[in-house]
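Heads up, the thing below is written out as structure tokens.
The values are calculated or read from the model by the stated rules, or taken from the named source; none is laboratory data. A quick note: this is a predicted structure, and the numbers were derived from the prediction, not measured. Quick reminder, even Gly has a Cβ in these numbers, built from the backbone with ideal geometry, and neighbours come from all protein chains shown. For the accessible areas, the whole protein counts, side chains as well, though only heavy atoms, and no ligand, DNA or RNA atoms are used. Shrake-Rupley method; radii C 1.70, N 1.55, O 1.52, S 1.80 Å.
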Amino acid sequence: MKKLGILLSGRGSNFEAIADNVAAGKINAEIAAVISNRADAPGLERARQRGLPALCLPSKGLEREAYDRQVVAALKERQVDLVCLAGFMRLLSSYFIREFPNRILNIHPALLPAFLGLEAQHQAWEYGVKVSGCTVHFVDEHLDHGPIIVQTSVPVMNDDTPETLAARILKEEHRIYSEAINLVLNDCIRIEGRRVILK
Ligand code: GRF
């Protein structure tokens, strides 16, 4: 059975959607570690309530690579095959990326390469786009940048607020993250440059 490691910093709704799909047998894997850089992340508590191995590794005051070495050690100790960033609010060092080549995924609440970084839903709403969405991609050293595995779009309505748009996108995030995890775990894709091709 393949092992997932989930990294999060906040509420953890994407983590919970993945955990639900694992529990329902819709993802053929087990969650071997849930790691947060913040002790107060609600997602960490939710992982504990589900009886999953949850661990806080505080990042405060540590250099990027020194911190990443701790996280990688914890993931390797639990023999994690695939790392899923789920609202993990840190850039990864090249050390981390090298330790899990093409084995780190992230979800971003916009149609990359538009609206990188924080509050992407708010950025999209403010820009006035008519369509936005979410993206699951491989992680490299650059912000919201690696090859794209799955994207899906949602409409932006006239009466949307950043919050209503974010909620519409979040529903799709919960669906496509598990879809992308399955594509990677089941070896259904190959990477050609930036392009992820379905086999
Ligand atoms: C999501 O919007 C995700 O796209 C972004 O961070 C947010 C995390 O939300 N990367 P949650 O903690 O999964 O609820």
Alpha-carbon Debye profile of the range 106-199, log10 I(q)/I(0) at 0.12, 0.14, 0.25, 0.26 Å⁻¹: -0.37, -0.49, -1.24, -1.31
Accessible surface, 1.4 Å probe, highest first, among residues 157, 1, 89: 1, 89, 157
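Would you rank 76, 60 by solvent-accessible area, highest first, keeping every protein chain in place and using a 1.4 Å probe?
My answer, sorted largest first, is 60, 76.
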Sulfur and carbon atoms: percent of accessible area, the chain [1.4 Å]: 50 percent
Proximal aspartates and glutamates to residue 130, defined as alpha-carbon separation beneath 19 angstrom and excluding residues fewer than eight positions away on the same chain: 119, 159, 160, 163, 172, 173
Ratio of the Cα radius of gyration of the range 1-101 to 2.2 N^0.38 Å, where N counts its residues: 1.00
Rg in Å to one decimal, and Dmax rounded to a whole Å, for the chain via C-alpha atoms: 16.2, 50
Relative contact order computed over the chain (Cα-Cα under 8 Å; 6+ residues apart), in percent: 19 percent
Ellipsoid semi-axes in whole angstrom, largest first, where each is sqrt(5λ) of the Cα gyration tensor of the range 91-141: 26, 10, 6
Residues of the chain: accessible area per residue with a 1.4 Å probe, Å²: 50 Å²
Residues of the range 1-20 with amide N under 17 Å of the 7 Å Cα→Cβ point at residue 77: 4-8
Surrounding net charge for residue 5, when Lys and Arg each add one and Asp and Glu each subtract one, Cβ distance under 10 Å: +3
Relative contact order (percent, whole number), the range 1-101, Cα cutoff 8 Å, 6+ residue spacing: 37 percent
Those lysines that a straight Cα-Cα span of less than 20 Å connects to residue 26, excepting residues fewer than 8 apart in one chain: 2, 3, 171
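Dipole magnitude of the chain about its Cα centre, charges +1 at Lys/Arg Cβ and -1 at Asp/Glu Cβ only, in debye to the nearest 20?
520 debye
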